[in-house]
1. Once Rh for the chain is found with the Kirkwood sum over Cα pairs, what is the Stokes-Einstein diffusion coefficient at 37 °C and 0.692 mPa s, in µm²/s?
2. Between the range 285-330 and the range 98-164, how far is it from one alpha carbon centroid to the other, in angstrom?
3. Taking the convex hull of the Cα atoms, report for the range 82-141 its projected area averaged over all directions, in nm².
4. Could you run the Karplus curve 6.51 cos²θ - 1.76 cosθ + 1.60 with θ = phi - 60° over the range 120-131 and give me ³J(HN,Hα) per residue in whole Hz, x for Gly and Pro?
5. Of 128, 86, 54, which has the largest mean-square fluctuation in a 10 Å C-alpha GNM of the chain?
6. Just the number, please: carbon plus sulfur as a percent of the accessible area of the chain, 1.4 Å probe, no ligands or DNA/RNA counted.
7. So with the 1.4 Å probe, I'd like the accessible area per residue for the chain, rounded to whole Å².
8. What is the Cα radius of gyration of the range 196-287 over 2.2 N^0.38 Å, N being its residue count?
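The values are calculated or read from the model by the stated rules, or taken from the named source; none is laboratory data. These numbers come from a predicted model, not from an experiment. Remember, those area values only see protein heavy atoms, side chains included, never the ligands or the DNA or RNA. Shrake-Rupley method; radii C 1.70, N 1.55, O 1.52, S 1.80 Å.
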Amino acid sequence: MRRRTLRTSSLIAFAVLSGGCATRPAVDTLSIAFVRIPAGEFAMGSDEPPERLASAYPEVEASRLSGFADEAPVHRVRITRDFEMAVHEVTVAQFAAFVARSGHVPESIADGTGGYGYNPAYDPATSARGDAFEGRSPAYSWRAPGFPQGPDHPVVNVTWNDAVALARWLSTTEGRTYRLPTEAEWEYACRAGQRTRYQHGDDPTGLAGVGNVFDQDAATHWPRWTDRALPARDGFPFTAPVGSFAPNAFGVQDLHGNAWEWVSDWYGEDTYARSPVDDPQGPPDGQVKVRRGGSWHTWPLYARCSFRNWNTPQTRYTLVGIRLVREVPR
């Protein structure tokens, strides 16, 4: 059965942790709705030992459970200013409106190499990397990920540079500062006052109610990974309309799954060991940018609040999208 979509109109009474006051989403020129996230402190990262992860994720081979050193050490972070975060990931319709109004040419089209996409006839064994998706190919782009999407689905196959271009255009158009969240802001918003693996708690099976991850519906297209899939069906074998799953305590939706979300930080494996307490921004430079949250094709292990992944700023992939932050004027 397809899960009932929780639209923005039903979110206007959600309370934020700063004191229980309701915040009505503030909508901009692209109809992107934002909620105010209160300043505060949290413990960022995870130091779960492989043995504990093995108990929670028995379907995952042991070699995959010892590769999370970059999530440690758990460290204190203070977000010193309120900020506004988009309730949802940027949708296909919103990105299309940006492209039409701004003249921006997404990188998958501008460089002629396209993106990645789902092709049921594609054999991963034909790829040097054994990739699950076909590409890079001009056949795929933000308009064509190889599976059907509606205008209210999250846009994918967009690069970090495309995301920054969108934020800059909105900043100019709206007279407000739009940007990608920092990695610390993203995790702070995802946790929403919790120290658990997910917004709902530690149990991976609870993801069925809060996020569109790799489940039995998605596994129909990748049967060799059925044992890695969430033992549930949400009715969405690919992306879902944004807002289809329960919000967290801040009123933000789809932080677990649907599409990976670019953040502003360069990736550093040892970043947490030297991170400042107040408003960390990540390393000053690097080769790859961080993305967070998992996607519709992500195993539950990799959809945890603390999990870190990365790609080059030019990467366009059928699982990666955008969520924006808007700064609160001083």
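1. Here the translational diffusion coefficient equals 165 µm²/s.
2. That distance is 16 Å.
3. Averaged projected area of the range 82-141's Cα convex hull equals 6.6 nm².
4. Here the 3J(HN,Hα) series is x, 8, 6, 10, x, 5, 7, 9, 4, 9, x, 5 Hz.
5. 128
6. Accessible surface attributable to carbon and sulfur in the chain totals 52 percent.
7. Per-residue value: 40 Å².
8. Details: Rg = 16.3 Å, N = 92, 2.2 N^0.38 = 12.3 Å.
Against the empirical 2.2 N^0.38 Å value, I get 1.33 for the range 196-287.
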